[in-house]
Amino acid sequence: MRPEGVCPVLLRDYDRSAPFPDPEQADGNLIAIGGDLSRERLLRAYAQGIFPWFAEEDPILWWCPDPRAVLEPSAVHISRSLRKSARNGDWQYHMDSDFVGVIDACAEPRAGQSGTWITPAVRAAYLDLFAAGAAHSLEVYQRDRLVGGLYGVALGGLFFGESMFSRVPDASKLALVLLARHLQHWGFGLIDTQFITPHLQSMGAREWTRSAFLQALADLCTQHPQADWKISLSLHEMF
């Protein structure tokens, strides 16, 4: 028998104050369709554990998957080979120094993919969140060349990871480890990685039920960690 639940809601782009349905009552992972990517709507979505993800030819699709992939900052796994790479490579990293470079690199088509979900509209929306101090990036450099990084949204004590990229081996792994270490130091409780992948699982990510994730979100959103997003260091200072 089909479980009782709420079908995806159609959002109107002219009504930015329209609420999202309760993800706990959703009949599936897709919560809503349509609307816009305004700062107001995006922040309201994240506060409910909802994020946008859609192809360029699709309407805006809003998701809150069950199960949800998460990484506790204190549980990030650093393999022996990654630790060796961090110590031996000529790596540097920064935070919030090149958000545009990171999101543009994340938007580049990848092997086996014909397009990207980071459309010009998505790019503009997250640049607006960055300007508002809600979105952040971490950049990994090798000999002054941007070779890896990630970006996402910080809300209370939770960081919503959106995308990462790597132009050389280990760069995106190092970005995630560095982010986790700083978030742990600042008092963040969780990194949302949305969907599980073998790569994320090898780094310590686990799947939680949607209910468990939303409960953690409710608790973490009330926290106010003191974060310093303007950091530039050599990896030798972290490993």
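The values are calculated or read from the model by the stated rules, or taken from the named source; none is laboratory data. Nothing here was measured: the structure is a model prediction, and the numbers come from that model. Every residue, glycine as well, gets a Cβ built from its backbone with ideal geometry; the counts of neighbours run over all protein chains shown.
Among the strands (runs of 3 or more DSSP E) lying completely within the range 34-99, list those that include at least 2 residues that are surrounded by 17 or more Cβ atoms within 10 Å (Cβ to Cβ), of a type in the set (A, V, I, L, M) and modelled with pLDDT of 95 or more.
Working: elements: 61-63, 68-71, 91-95.
Once the strands (runs of 3 or more DSSP E) in the range 34-99 are filtered for at least 2 residues that are surrounded by 17 or more Cβ atoms within 10 Å (Cβ to Cβ), of a type in the set (A, V, I, L, M) and modelled with pLDDT of 95 or more, what remains is 68-71.
Of all strands (runs of 3 or more DSSP E) completely enclosed by the range 139-209, which ones contain at least 3 residues that are surrounded by 22 or more Cβ atoms within 10 Å (Cβ to Cβ)?
On the way: elements: 145-155, 158-166, 190-194, 206-208.
Those strands (runs of 3 or more DSSP E) span 145-155, 158-166, 190-194.
What is the one condition in (1) over 20 Å from residue 37 (Cα atoms); (2) free of Cβ contacts under 8 Å to residues at least 40 places away in the same chain that residue 173 does not satisfy?
The single condition residue 173 does not satisfy is (2).
Looking at (1) touching a helix residue (DSSP H, G or I) at 6+ places or on another chain (Cβ under 6 Å); (2) in a loop (DSSP other than H, G, I, E, B), which one does residue 15 not meet, given that it meets all the others?
Failing condition for residue 15: (1).
Residues being in contact (Cβ under 8 Å) with a residue 40 or more places away in the chain and either surrounded by 17 or more Cβ atoms within 10 Å (Cβ to Cβ) or among the polar types (S, T, N, Q) (or both): count how many of those fall in the range 210-230.
Adding up the residues that qualify gives 11.
Every residue in the range 100-116 that is assigned to a loop (DSSP other than H, G, I, E, B) and closer than 17 Å to residue 161 by Cβ, please. Step through it out loud before you land on a result.
Start the filter on the range 100-116 by keeping residues that are assigned to a loop (DSSP other than H, G, I, E, B), which leaves 108-116.
110, 116 - these are the residues of the range 100-116 that are assigned to a loop (DSSP other than H, G, I, E, B) and closer than 17 Å to residue 161 by Cβ.
Does residue 193 meet the test of being among the polar types (S, T, N, Q), within 20 Å of residue 63 (Cβ to Cβ) and in contact with a Gly (Cβ under 6 Å, 6 or more places away or on another chain)?
On the way: among the polar types (S, T, N, Q): yes; within 20 Å of residue 63 (Cβ to Cβ): yes; in contact with a Gly (Cβ under 6 Å, 6 or more places away or on another chain): yes.
Considered against the rule, which asks whether it is among the polar types (S, T, N, Q), within 20 Å of residue 63 (Cβ to Cβ) and in contact with a Gly (Cβ under 6 Å, 6 or more places away or on another chain), residue 193 comes out as yes.
Got a sec? Which of 58, 22, 104, 36 is farther than 17 Å from residue 119 by Cα and among the acidic types (Asp, Glu)?
On the way: 58 fails: farther than 17 Å from residue 119 by Cα; 104 fails: farther than 17 Å from residue 119 by Cα; 36 fails: farther than 17 Å from residue 119 by Cα.
After applying the criteria, what remains is 22.
Quick one: is residue 129 outside any loop (DSSP other than H, G, I, E, B), out of contact with any Leu (no Cβ under 6 Å at 6 or more places or on another chain) and modelled with pLDDT of 95 or more? I'd like the intermediate steps shown before the answer.
Details: outside any loop (DSSP other than H, G, I, E, B): yes; out of contact with any Leu (no Cβ under 6 Å at 6 or more places or on another chain): yes; modelled with pLDDT of 95 or more: yes.
Yes; evaluated as a whole, the condition is true for this residue.
Just the residues that are β-branched (Val, Ile, Thr) and either in contact (Cβ under 8 Å) with a residue 60 or more places away in the chain or farther than 18 Å from residue 8 by Cβ (or both), please, taken from the range 28-76. Break it down into steps so the answer makes sense when it comes.
Looking only at the range 28-76, we keep the residues that are β-branched (Val, Ile, Thr), and these are 31, 33, 50, 60, 70, 76.
The answer is 70, 76.
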